[in-house]
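Below is one structure, written out as structure tokens; comments come after it.
Each reported figure results from applying straightforward, stated rules to the coordinates on display, with no laboratory input. None of these values were measured; they are calculated from a predicted model. Because the Cβ atoms are built from the backbone with ideal geometry, glycine has one as well, and the counts that use them run over all protein chains shown.
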Amino acid sequence: MARNIITGIDVGTNFTKVIIADTRELNERGMPKAIGAGVAESRGLRHGYVTNIRDVAESVRRAVKAAEDKAGVKVKKAFLGIGGIGLSSVTVSSSIITSRADAEITQLDLDKLREQCEKDMPRHQSANRRIIYDIPLQYKIDGAAALSSPLGQTANKIELKTLFITCLDHHVADLIAVVNEAGIEVEDVMAAPLAAGFVTLSKSQKVAGCVLANIGAETVSVAVFENNIPTSLEVFPIGSTDITNDIALGLKVPLEEAEQIKIGAITGSTFPRKKLEEIITARLSDIFELIEVHLKKIGRNGLLPAGIVITGGGSGLNSIDIMAKAALKLPSRIGSIGVGDGKASFKDATWAVAYGLCIWGIHAEEGTQIDASQEAFKKLWRATVRWFKQFLP
């Protein structure tokens, strides 16, 4: 595979999506040109967990082959999205006393402070989990907030609030094994919600504060951004498949027909419209209630000026943005992307993770950033490399 080609693989519960991008052509936002896209039905997954490696590997092979045929290139390496209910985050605040007699803050102090934050993680949120990224959210020196890195300043006490994004060890190992089984080397991994944020959110939205909600088949992932960096991430075991099941039970129809009714492919007077709306509204209310509880937990409910951006397969439901606005009391819109050429053109935000992985890949390789939060993402990249090397032979 040519060095200018980058591939992103998004292994979802319903569909596996692959995008091949050419890094020689970048738009004004630093995004590469998509030259090939492939999709295949996913098999061997449950709530994002791998239940059958061979079945999932076959889904990856088929999606990659479809993308290769359109792009006219052979994929040997790829960037992989990590999702599913094994993904989570925790915020930890810790403090240390500066080591030098003159109280100057050194890099050794900052490294020690980061290690202390990791030690202070609650046991139940670190057991059998691997830290993917550690993102510094805020420093304080002698109790006063520092607007930038405190390196070189003087203080007796340094405090740090850190966001740790973690995932179950076996979940990541299984996903890497799946892609390897398909004959592709995994160059790096990234949390799927953060990858989607590269594509569906603007810099101004991430600076002001927003929540990205991806409503998938069996999970809903929520990523909160403020000051241009992710500040929280959570995944819930509920999704659009639950809506399909509710429709099948409520209208007494087969699952296949219920899915078609849900997406609007079947219309008419064969089923009561009011009852259908009640069924869908009830399940969406459950989803938005979970999001609201999470925002309350982190103290951001009703306080994100850029509102909620909805992506994923469930984002196509009628009036879902209106429901989100009413339930969360936030501005709401459906996420969208528009990339590619005649061979690989799409606006559907369900491709956001795969395309975001390509963007992550090009900037990780170049050592540059796609927006102003350079130090945060440099730290994120270094943490990712440290973590991923542990899975290499």
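Numerical summary
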item	result
DSSP beta bridge pairing in the stretch 220-334, given as percent antiparallel to the nearest 5	70
Unit charges at the beta carbon, dipole of the chain: most positive-side option, 170, 11, 107	11
Charge dipole magnitude, Cβ of K and R +1, D and E -1 - the stretch 41-100, Cα centre, debye nearest 20	240
Unit charges on C-beta of K, R, D, E only; dipole of the stretch 87-167, Debye	340
Hydrodynamic radius (Kirkwood) for the stretch 249-309, which is based on Cα pairs only, to one decimal in Å	13.9
Stretch gain in nm, segment residue 102-residue 52, where the contour uses 0.36 nm per residue and the Cα spacing is subtracted	12.1 nm
Charge dipole (debye, nearest 20) of the chain; +1 at Cβ of Lys and Arg, -1 at Cβ of Asp and Glu	140
Lys pairs under 21 Å by Cα in the stretch 230-300, provided they are eight or more residues apart or on distinct chains	5
Among (i) 21.6, 80; (ii) 19.2, 58; (iii) 20.0, 65, the entry that matches Rg and Dmax of the Cα atoms in Å as calculated here	(i)
For the stretch 220-334: span of alpha carbons on each principal axis (Å, largest first)	49, 23, 19
Additional length obtainable on full extension of the chain from residue 298 to residue 203, 0.36 nm per residue less Cα span	32.0 nm
Calculated FRET value between residue 286 and residue 120, using beta carbons and R₀ = 35 Å, to 0.05	0.55
Antiparallel DSSP beta bridges within the chain, percent to nearest 5	80
